[in-house]
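Structure first, then comments.
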Ligand SMILES: CC(C)(COP(=O)(O)OP(=O)(O)OC[C@H]1O[C@@H](n2cnc3c(N)ncnc32)[C@H](O)[C@@H]1OP(=O)(O)O)[C@@H](O)C(=O)NCCC(=O)NCCSC(=O)CC(=O)O
């Protein structure tokens, strides 16, 4: 991998038809943001195939450097005008009880690294294949690190990598989770792609920055108003609890913004699995048959079982079976997934709300039940019940969210596998499975003007979910496991689907 350039892309200073956010300002963190203060940043990676250049004699490399890259940079600059906080920094001033995002249109910028990979077609197709695994650390050179010191943390870092031998390029983003969640990142990426397409559509390749004004459609305009979250006394006290817990993390009165290092083990492999729509429907029918028997007596209509519940339950059962030898001392399984609270708050926030607005949902399951005949059905019921329960409120137990997360961060650095405590008075540490990403982010729809993505990856611990790249309404499931576990998982996953 050769780093060709590391530049800073500043927000375009032109006035556009959006009054928000203010040109030079700060944005306070809500309790939703504070929850993530020092967790390792997730990375999102999108691969694109470069179309054949219209003019003969132009190589893929020159098309990339002369046409694609300048448009990506220009459109990024224009888009940042609407997303000024992304160009800013997180700081935690001594006088402030909580960290704050500071940004100034004139001074701030986003770091954009441009790299060139020496990978050949064979290597690249292994990276983007859905049929085989590859080294879990192989994608890390394709994403940049956030610039983080004790005093300041950048909000986003972007890397664009050309694969000159294969006619591909990738866009990797690393996001500070205390500033934005996956939904906001997808909003930003869609806005950037929209702006880039508009720039290409304008057809004027010699257009200078000072002539361009591109406005975003309503559904892509970020919504910054957060007084509703800041002024609510219950939410404000959650923010104070979280800040104090982070202040006590790693030493007293510790305002450091340094992030916990990510645990990228070298003994893991990564692979994506496809769950086609037709198979999802068969899983749904399986549930209908089971539930019909139980509900028959009440003449009740079986509740809708969502694609999400079916997928999580099916993957979980295969995972528990694949890891059975490693979790021999474990009796409890904990499934954690994020819930988008935007539409679930009272009153709701717009889907374009900028920031974090997710709550965690915890589902405890019994390992032996998961390994048994009814494991899948039990898991679907537990997940569906938890989702139904969200109607009662998404903030139940929120005072414990950060202590649970800090416990997880400490555990992940002290031990890589769950175990039964030697002391009978200490509760057992369950095997935790976390879901990241969401098919609702629609990353496969993000087209910068050169076609839809060929592959989307979330580089973060956990089970990542996205919509299927072939658009059949199915899902893609990304996993990182030890090689023998991945092989075992693949076998359970495939055989289970074939038997439906
Ligand atoms: C809690 C949920 C996972 C539950 O999803 P479910 O699909 O089971 O349940 P639901 O009530 O939302 O939807 C029920 C049915 O309505 C449909 N439906 C409802 N709302 C929809 C919407 N906005 N878009 C598309 N479909 C929708 C669904 O297709 C589904 O049917 P059917 O499925 O049958 O078609 C989800 O509501 C949710 O909040 N998703 C967002 C998750 C999220 O933001 N994750 C962020 C991860 S952050 C991240 O990844 C970074 C990190 O943390 O590291």
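The values are calculated or read from the model by the stated rules, or taken from the named source; none is laboratory data. Every value quoted in this text rests on a predicted model; they were computed, and no experiment measured them. Don't worry about glycine lacking a Cβ; one is built from the backbone with ideal geometry, like all the others, and counts go over all protein chains shown.
Per-structure values
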{"quantity": "Complete set of residues in the range 332-350 that are at pLDDT 95 or above, more than 9 Å from the ligand (Cβ to nearest atom) and under 16 Å from residue 226 (Cα atoms)", "calculated": "345, 348, 349, 350"}
{"quantity": "Residues of the range 357-397 satisfying the condition of being under 24 Å from residue 184 (Cα atoms) and touching a strand residue (DSSP E or B) at 6+ places or on another chain (Cβ under 7 Å)", "calculated": "357, 358, 359, 360, 361, 362, 390, 394, 395"}
{"quantity": "Hits in the range 301-345 (condition: assigned to a loop (DSSP other than H, G, I, E, B) and either outside the structural domain of residue 383 (by the TED database) or under 25 Å from the mean Cα position of the chain (by Cα) (or both))", "calculated": "305, 306, 323, 341, 345"}
{"quantity": "Unmet requirement for residue 472, which otherwise passes all of (1) at pLDDT 95 or above; (2) surrounded by fewer than 19 Cβ atoms within 10 Å (Cβ to Cβ)", "calculated": "(1)"}
{"quantity": "Residues (more than 29 Å from residue 341 (Cβ to Cβ), in contact with a helix residue (DSSP H, G or I) (Cβ under 6 Å, 6 or more places away or on another chain) and either part of a strand (DSSP E or B) or at pLDDT 95 or above (or both)) located in the range 2-38", "calculated": "9"}
{"quantity": "The one condition in (1) farther than 18 Å from residue 8 by Cβ; (2) crowded, with 19+ Cβ neighbours inside 10 Å that residue 160 fails to fulfil", "calculated": "(1)"}
{"quantity": "Hits in the range 448-467 - residues which are within 13 Å of the ligand (Cβ to nearest atom) and touching a residue at least 60 places away in the same chain (Cβ under 8 Å)", "calculated": "456, 457, 458, 459, 460, 461, 463, 465"}
{"quantity": "Selected residue (only one of 41, 97, 93 is assigned to a loop (DSSP other than H, G, I, E, B), without any contact (Cβ under 8 Å) to a residue 60 or more places away in the chain and over 22 Å from residue 213 (Cα atoms))", "calculated": "93"}
{"quantity": "Residue within the range 52-69 that is over 27 Å from residue 409 (Cβ atoms), touching a strand residue (DSSP E or B) at 6+ places or on another chain (Cβ under 6 Å) and at pLDDT 95 or above present", "calculated": "yes"}
{"quantity": "Tally, over the range 325-337, of residues that are closer than 22 Å to residue 310 by Cα and touching a helix residue (DSSP H, G or I) at 6+ places or on another chain (Cβ under 8 Å)", "calculated": "4"}
{"quantity": "So residue 69, is it in the same structural domain as residue 168 (by the TED database), under 22 Å from the mean Cα position of the chain (by Cα) and closer than 30 Å to residue 221 by Cβ", "calculated": "no"}
{"quantity": "Qualifying positions in the range 194-216 - at pLDDT 70 or above and over 19 Å from residue 84 (Cβ atoms)", "calculated": "197, 198, 199, 200, 201, 202, 203"}
{"quantity": "Hits in the range 102-121 - residues which are closer than 16 Å to residue 156 by Cα and either in contact with a strand residue (DSSP E or B) (Cβ under 8 Å, 6 or more places away or on another chain) or surrounded by 15 or more Cβ atoms within 10 Å (Cβ to Cβ) (or both)", "calculated": "102, 103, 104, 105, 108, 109, 110, 111, 112, 113, 114"}
{"quantity": "Residues of the range 235-288 satisfying the condition of being under 25 Å from residue 140 (Cα atoms) and within 16 Å of the ligand (Cβ to nearest atom)", "calculated": "259, 260, 261, 262, 263, 264, 270, 272"}
{"quantity": "The range 203-230 residues that are within 14 Å of residue 354 (Cβ to Cβ), paired with ones that are exposed (fewer than 10 other Cβ atoms within 10 Å of the Cβ) and at pLDDT 80 or above (beta carbon under 9 Å, 6 or more apart)", "calculated": "228/347"}
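Residues are listed down the side, and each one gets a yes or a no for (1) within 27 Å of residue 43 (Cα to Cα); (2) at pLDDT below 80; (3) more than 16 Å from the ligand (Cβ to nearest atom); (4) in the same structural domain as residue 76 (by the TED database):
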position	(1), (2), (3), (4)
385	no, no, no, no
392	no, no, no, no
397	no, no, no, no
416	yes, yes, yes, no
420	no, yes, yes, no
437	yes, no, no, no
446	yes, no, no, no
